[in-house]
Structure formats: structure tokens, C-alpha cells
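The values are calculated or read from the model by the stated rules, or taken from the named source; none is laboratory data. Just so you know, these numbers come straight off a predicted model, no measurement behind them. Using ideal geometry, Cβ is built from the backbone for each residue, glycine included, and neighbour counts are taken over all protein chains shown.
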Amino acid sequence: MFERCNFWAGIRNGNNELIAFGYVCGMGLEHGYMEDIMVHPEYQGKGIGVKLVKELLRESERFGLGIVTVTYEEKNTNFYKTCGFTPSAGGVWQLDL
């Protein structure tokens, strides 16, 4: 899986247990695809997922990606809007030039 990832991020709790994870993959050009954003159920609703996604977007910018897309269920629309995505058939984040 990590062979095709541009980068990934995880968050651990005080016991060093992984509680959140996600990654951005792509062909290394200007477009990346965010996948597998996961937060352990006990830690959901505390802003951890938003912090994770925003960090992945900051890293996308540092990596030189101008566009990051993500596909999500409709019930997660507000979450991804909060993270900076513009809803469409999925979500699109584009670097402001």
C-alpha cells in the first residue's frame, strides 16, 4: 500500500496507540487522492479527524500537489467541508495560486 502513497499521517494517544490514520496517494504530479481517513470510535467528535486531514492537506501543499480529491459518503459532507474541501461528486481541494 505505501509504495503508491505520497505520504501518510497517524495520531497516537497517550499510551502510544494509533487512534487516527490517513494518507494521500497519486502519481506524484499535481493531483493527489486522500484515502482511508480513520479515527477510532472512542476518539471521534473531538476534532482529531479534522486535524489529521488538515495536516495531510498542508503536506500536500509542501509536496507540490495543487489538487487533492476525496470520495466520501454524503453523511460526511460537513466534515470534509470543515476540512476545506468543496463538495462535488466527491470533494476537491485546490491550492490557491
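A few notes on this one:
- With respect to (1) more than 18 Å from Arg12 (Cβ to Cβ); (2) out of contact with any helix residue (DSSP H, G or I) (no Cβ under 8 Å at 6 or more places or on another chain); (3) in contact (Cβ under 8 Å) with a residue 24 or more places away in the chain, the lone exception for Cys83 is condition (2).
- Looking only at residues in the stretch 13-32 that are at pLDDT 90 or above and surrounded by 13 or more Cβ atoms within 10 Å (Cβ to Cβ), the one that is farthest from the chain's Cα centre (by Cα) is Asn13.
- Among the residues making up the stretch 51-97, those that are part of a helix (DSSP H, G or I), aliphatic (A, V, I, L, M) and closer than 19 Å to Leu29 by Cβ are Leu56, Leu57.
- Selection of first residues in the stretch 61-73 that are in contact (Cβ under 8 Å) with a residue 12 or more places away in the chain and of a type in the set (Phe, Trp, Tyr) and of second residues that are crowded, with 18+ Cβ neighbours inside 10 Å and assigned to a helix (DSSP H, G or I), restricted to Cβ pairs under 6 Å at least 6 apart or on distinct chains, gives the following pairs, ordered by first then second residue: Tyr72/Tyr80.
- Some residue of the stretch 36-50 being of a type in the set (A, V, I, L, M), modelled with pLDDT of 95 or more, assigned to a helix (DSSP H, G or I) and at negative phi: yes
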